[in-house]
Amino acid sequence: MTYQFILVDDPRPKVRRITLNRPDKRNPLSNALRGELFQALEEADRDPGVSVTVLRGAGSSFSAGYDLKSDVHQGQPFHTAGGLGNWPRHVVEGCFRMWDLAKPLIAQVHGYCLAGATELATGCDLVYVAEDAQIGYPPVRSMSPPDNQFYPWIVGLRRAMEMMLTGDSISGLEAVECGFANRAYPAAELEAAVLDIAERVARIPPDIQQINKRAVHRQMEAMGLRAGIRAGTELQQMGMMTQSTQAHMEEIRANLTAALSKRDGGFGDYRTKGKE
């Protein structure tokens, strides 16, 4: 299979690796890229020669989030009911498609992991990060809460509230401390460490491993995770209807770079770091 926006290889026995491959734009998650990603994930899940899949980004970052220059309602890679809340519901359904794969999925995160990219990483079963990675959801400053509101479930009430009320990022080391990630490594050591872990995971037969995955997932679902995250999609849609969000969207349509710089300028981070 030939892909335009991702790379697929098998770097170790029984290990499939998918690389988001738009490094010049920090791997924005357009629907075209997402369509290829879901196809590759599902192919790996059906392939008897694959036991575990690694997801990473090319270039300087894992991903800076969804492609804000594209119309997210066009070309969605799978059908989601239309109407109000279509996009956040679509994002959540995508996360659960990853969640429900039989075989383990590992996120390898370096550089920026922002907005929709944090949702993508959270859909994976294991998350390993570079120590200096920057992980956050800056759209809360000017747009809405996340499409996929996993933060309280993954990092706990206080850390989730701080991230939602500031839009600040956390480092890879902080991500491990609060439970977003499993382990952090120096950036130069991340790839080898992830492949070593993937090989360990791959030693367990897939028919057993899928039950091991579900054993954890079912406990989270019994506590209400799936219902809670689905309910959060309606709050995201409400956020998109506020006057402040509508004004920000007009600025994005006029000049994306200027709009994001205005959003983050007062905080002095992300693209505006060191410019004030």
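Every number in this text was worked out from the coordinates using simple rules, so none of it is lab data. Source: prediction; values computed, not measured. Glycine gets a Cβ as well: all are built from the backbone with ideal geometry, and neighbour counts include every protein chain shown.
Would you be able to say whether some residue in segment 218-233 is in a helix (DSSP H, G or I) and touching a Pro at 6+ places or on another chain (Cβ under 6 Å)? Quick ask: steps written out before the conclusion?
Here is the first cut: in segment 218-233, the residues in a helix (DSSP H, G or I) are 218-222, 225-233.
Still in the running and touching a Pro at 6+ places or on another chain (Cβ under 6 Å): 233.
Yes: segment 218-233 contains one or more residues that are in a helix (DSSP H, G or I) and touching a Pro at 6+ places or on another chain (Cβ under 6 Å).
Sort out which residues of segment 115-128 are in contact with a Gly (Cβ under 8 Å, 6 or more places away or on another chain) and farther than 18 Å from Arg159 by Cα, and write them in order of number.
Step one: filter segment 115-128 for residues in contact with a Gly (Cβ under 8 Å, 6 or more places away or on another chain), giving 115-118, 123.
If the condition is that a residue be in contact with a Gly (Cβ under 8 Å, 6 or more places away or on another chain) and farther than 18 Å from Arg159 by Cα, then Gly116, Ala117, Gly123 are the ones that fit.
So for segment 214-232 (the condition being under 19 Å from Thr166 (Cβ atoms), among the charged types (D, E, K, R) and surrounded by 14 or more Cβ atoms within 10 Å (Cβ to Cβ)), does at least one residue qualify?
no
Can you confirm whether Ser142 is touching a Lys or Arg at 6+ places or on another chain (Cβ under 6 Å), surrounded by 17 or more Cβ atoms within 10 Å (Cβ to Cβ) and among the hydroxyl-bearing types (Ser, Thr, Tyr)?
In short, yes.
For segment 233-276, how many residues meet the condition of being small (Gly, Ala, Ser), crowded, with 16+ Cβ neighbours inside 10 Å and more than 19 Å from Tyr112 (Cβ to Cβ)? Spell out the reasoning first.
Applying the first criterion (small (Gly, Ala, Ser)) to segment 233-276 yields 239, 244, 247, 254, 258-259, 261, 265-266, 268, 274.
Checking which are crowded, with 16+ Cβ neighbours inside 10 Å leaves us with 239, 259.
From what is left, the residues that are more than 19 Å from Tyr112 (Cβ to Cβ) are 239.
Residues that pass the stated criteria total 1.
Looking at (1) over 24 Å from Pro11 (Cβ atoms); (2) surrounded by 15 or more Cβ atoms within 10 Å (Cβ to Cβ); (3) free of Cβ contacts under 8 Å to residues at least 60 places away in the same chain, which one does Asn182 not meet, given that it meets all the others?
In the conditions (1) over 24 Å from Pro11 (Cβ atoms); (2) surrounded by 15 or more Cβ atoms within 10 Å (Cβ to Cβ); (3) free of Cβ contacts under 8 Å to residues at least 60 places away in the same chain, Asn182 misses (1) alone.
Matching residues to (1) among the charged types (D, E, K, R); (2) surrounded by fewer than 17 Cβ atoms within 10 Å (Cβ to Cβ):
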{"residue": "Asp47", "(1), (2)": "yes, yes"}
{"residue": "Leu55", "(1), (2)": "no, no"}
{"residue": "Leu68", "(1), (2)": "no, no"}
{"residue": "Gly83", "(1), (2)": "no, yes"}
{"residue": "Pro88", "(1), (2)": "no, no"}
{"residue": "Tyr112", "(1), (2)": "no, no"}
{"residue": "Thr118", "(1), (2)": "no, no"}
{"residue": "Asp132", "(1), (2)": "yes, yes"}
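Quick check on Lys103: is it assigned to a loop (DSSP other than H, G, I, E, B), closer than 16 Å to Arg22 by Cβ and not aliphatic (A, V, I, L, M)? Spell out the reasoning first.
Values: assigned to a loop (DSSP other than H, G, I, E, B): yes; closer than 16 Å to Arg22 by Cβ: no; not aliphatic (A, V, I, L, M): yes.
So Lys103 fails the test.
For segment 185-234, how many residues are farther than 23 Å from Leu55 by Cα and either touching a Ser or Thr at 6+ places or on another chain (Cβ under 8 Å) or of a type in the set (Lys, Arg) (or both)?
2
What tally of residues in segment 167-178 results from selecting those that are touching a residue at least 40 places away in the same chain (Cβ under 8 Å), in a helix (DSSP H, G or I) and more than 15 Å from the chain's Cα centre (by Cα)?
Step one: list which residues in segment 167-178 are touching a residue at least 40 places away in the same chain (Cβ under 8 Å), which gives 167-169, 171-173, 175-176.
Adding the requirement that they be in a helix (DSSP H, G or I) leaves 172-173, 175-176.
Okay, now just the ones that are also more than 15 Å from the chain's Cα centre (by Cα), so 173, 176.
Number of matching residues: 2.
Looking at (1) in contact with a helix residue (DSSP H, G or I) (Cβ under 6 Å, 6 or more places away or on another chain); (2) at positive phi, which is the one condition that is false for Leu225?
Only one criterion is unmet by Leu225, namely (2).
What's the total number of residues in segment 55-92 that are touching a residue at least 12 places away in the same chain (Cβ under 8 Å), hydrophobic (A, V, I, L, M, F, W, C) and not in a helix (DSSP H, G or I)?
Kept after step one, since they are touching a residue at least 12 places away in the same chain (Cβ under 8 Å), are these residues of segment 55-92: 55-70, 72-78, 80, 84-92.
Then drop every residue that is not hydrophobic (A, V, I, L, M, F, W, C), which leaves 55, 58, 62, 64, 68, 72, 78, 84, 87, 91-92.
Going one step further and asking which of them are not in a helix (DSSP H, G or I), we end up with 55, 58, 62, 64, 68, 72, 78, 84.
Of the residues in that region, 8 qualify.
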